[in-house]
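Some notes on the structure that comes next.
The values are calculated or read from the model by the stated rules, or taken from the named source; none is laboratory data. None of the values given here were measured: they were computed from a predicted structure. Don't worry about glycine lacking a Cβ; one is built from the backbone with ideal geometry, like all the others, and counts go over all protein chains shown. Protein only, heavy atoms only, side chains kept; ligands, DNA and RNA dropped before computing areas. Shrake-Rupley method; radii C 1.70, N 1.55, O 1.52, S 1.80 Å.
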Amino acid sequence: MHELSIALSIVELAAKEAHKENAKEVKEIELEIGEMAGIDTEALLFSLRIAIKHSLLENAEIKLHLISPIAYCSKCRIEFVPQNRFEPCPFCHSYGIELRQGKELRLKSLLIE
Amino acid sequence: MCTTCGCDYHSNMDHEEMHKHGIAHEHHHETGYTRQKIEQDILSKNNLIAERNRGYFEAKNITCFNIVSSPGSGKTSFLEKTIELLNNKYTVFVIEGDQQTSNDTNRIKALNVPCLQINTENGCHLDANMIYESVKSLAPENNSILFIENVGNLVCPALFDLGEQKRIVLISVTEGDDKPLKYPYMFESADICIINKIDLLPYIDSKIERIKDNARIVNPDMLFFEISATKGSGMDKWIKLLDKLKSE
C-alpha cells in the first residue's frame, strides 16, 4: 500500500506548484502513470481522493493517463511492446531488456484558478 | 504594451520567456483557468533527499547498504553474524525499520553497535527523509559502514531510494524458488542477493540454481551469496566483498 505515500507526494508537489502561481483552487490534476511503474492505479485513485481533502486540490478532477510500455533490446536494436516487465526479447530471447517507456510516475499539469 | 500583463516593461518579452526568468505576471484566459505544465517526477522529492544522503555518505566515506526482504528471511540474523565476523574491523552503525517494537534494535545494541529504531507505525517502507533525520541523530563516523534494515516487505520499499550505495535483497530457501518472479520490482532494483538458510536445503524442495535463474531473469547483473546466517556458512565471501568495497 505504498500508493498512499505516492498520493501524499502528489498532493504536496501539486500544492507547492499551485502556490507558486498564487492559485485559489486547482480544478484538475493530470497524471501520467506507466503501466509498469509498480503502481496499482485503483489504489492510487482511492488514496488520492483522501489525500486531496483540505488542500487546494480538494475539488480537483483527477485525470490519470496510463502510459503503455515500450521495451528495447540492445542486441537486436529493436523496440517491442512487452506483456510483462521482464519479458525476454521476442527475437533473440535474451533477458535484461531496457524499458524505455512505461515506468512513468509524473505530475503532468494542473488546471488552476 | 505587453499583451499579457498590460505593462510597458516587458514589452519585448513573450509569456514563456517570463516563466523562464521567473518574472511575476498575471495569467489572463477566457475561461478563468490556466493550464500549468509541471512535468515533474512524483518521487522527485524523495529522490532529491536520497541523493543528498548519498552525497553525505560519499563525503564521509560511509558505505551504506539498504537491506530488504520479506518478514522472517533473516535480515537481523544476517546483520548479527556480519557484525560478529567483522570483529570491530570497521565501525558499524545500524538503522532498523519496523512497523512496531524495538526488538531488532535491542538485538543489535546487545553487540555494542549504535543502532536507531524507526517505527513506521502504519507505513510499509522507509523513505529518504526518515534516513536523513535518523542519520542526524545517529551521526555515523567517517569511514564506517551503515546498514539500514528496511521494513520486511518485498513490494513497497522497491520504489524508495534511501541514498544507499548498494541494495541487498535477502531471500531464504524456504520462501519458494520463484520469489524473484513473484516480486520482480524488488529483485530488479537490488545489486546483491543473499540467499539465506542454506543449512535447511536437505529438508526442503528448493534448488539454489533455480532461485538464481529466476533472479537473473529480472536482473541479469545480480551478485549472489549463499549463506546460513545462524551457522555462519558462506559468510566469508560476503565479508570479502565488504573488504573490497571498503578499500575502493
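Of note:
- Filtered residue count, the stretch A:58-82, keeping only those that are more than 16 Å from A:Ala37 (Cβ to Cβ) and either in a strand (DSSP E or B) or among the polar types (S, T, N, Q) (or both): 10
- Residues being assigned to a strand (DSSP E or B) and surrounded by fewer than 21 Cβ atoms within 10 Å (Cβ to Cβ) - total across the stretch A:93-105: 4
- Residue match in the stretch A:33-42 (condition: at positive phi and facing chain B (nearest Cβ under 9 Å)): yes
Let's see how each residue does on (1) open to solvent by 30 Å² or more (accessible area, probe 1.4 Å); (2) in contact with a Leu (Cβ under 6 Å, 6 or more places away or on another chain):
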residue	(1), (2)
B:Ile42	no, yes
B:Asn47	yes, no
B:Gly55	yes, no
B:Lys60	yes, no
B:Cys64	no, yes
B:Val68	no, no
B:Thr82	no, no
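- Looking only at the stretch B:205-235, residues that are touching a residue at least 24 places away in the same chain (Cβ under 8 Å) and assigned to a helix (DSSP H, G or I) come to 8 in all.
- Subset of the stretch B:146-178 (residues that are at pLDDT 95 or above, open to solvent by 30 Å² or more (accessible area, probe 1.4 Å) and assigned to a helix (DSSP H, G or I)): B:Thr174, B:Glu175
- Qualifying residue in the stretch A:7-20 (condition: part of a loop (DSSP other than H, G, I, E, B) and not aromatic (Phe, Trp, Tyr)): no
- Exactly one residue out of B:Asn122, B:Asn103, B:Asn87 is within 14 Å of chain A (Cβ to nearest Cβ), more than 22 Å from B:Leu48 (Cα to Cα) and open to solvent by 10 Å² or more (accessible area, probe 1.4 Å), and it is B:Asn122.
- When A:Lys63 is tested against (1) within 13 Å of chain B (Cβ to nearest Cβ); (2) open to solvent by 40 Å² or more (accessible area, probe 1.4 Å); (3) under 21 Å from B:Glu188 (Cα atoms), only condition (3) is not met.
Every residue, every condition in (1) free of Cβ contacts under 8 Å to residues at least 24 places away in the same chain; (2) among the hydrophobic types (A, V, I, L, M, F, W, C), yes or no:
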site	(1), (2)
B:Arg52	no, no
B:Phe65	no, yes
B:Gly72	no, no
B:Ser77	no, no
B:Asn87	yes, no
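- Considering A:Ile39, A:Ile70, the condition of being at pLDDT below 95 and either within 27 Å of B:Leu181 (Cα to Cα) or of a type in the set (Asp, Glu) (or both) is satisfied by A:Ile39 alone.
- Residue selected from the stretch B:118-162 under the condition touching a strand residue (DSSP E or B) at 6+ places or on another chain (Cβ under 9 Å) and of a type in the set (Val, Ile, Thr), by the criterion nearest to B:Ile95 (Cα to Cα): B:Ile148
- For the stretch B:30-84, filtering for residues that are of a type in the set (Phe, Trp, Tyr), within 12 Å of chain A (Cβ to nearest Cβ) and either under 21 Å from B:Cys156 (Cα atoms) or out of contact with any Asp or Glu (no Cβ under 7 Å at 6 or more places or on another chain) (or both) leaves 0.
- Enumeration of residues in the stretch A:1-32 that are more than 8 Å from every other protein chain (Cβ to nearest Cβ) and free of Cβ contacts under 8 Å to residues at least 24 places away in the same chain: A:Lys16, A:Lys20, A:Asn22
- Out of A:Ser55, A:Ser47, sole residue that is among the hydroxyl-bearing types (Ser, Thr, Tyr), in contact (Cβ under 8 Å) with a residue 40 or more places away in the chain and in a loop (DSSP other than H, G, I, E, B): A:Ser55
- When B:Val92 is tested against the conditions (1) more than 14 Å from chain A (Cβ to nearest Cβ); (2) open to solvent by 70 Å² or more (accessible area, probe 1.4 Å); (3) touching a residue at least 40 places away in the same chain (Cβ under 8 Å), the lone failure is (2).
- Test: residue in the stretch A:70-88 that is open to solvent by less than 30 Å² (accessible area, probe 1.4 Å) and within 10 Å of the chain's Cα centre (by Cα): no
- Residue pairs meeting the criteria (Cβ under 7 Å; at least 6 apart or on separate chains; first within 18 Å of A:Ile6 (Cβ to Cβ), in the stretch A:85-113; second open to solvent by 80 Å² or more (accessible area, probe 1.4 Å) and assigned to a loop (DSSP other than H, G, I, E, B)): A:Gly102/A:Glu35
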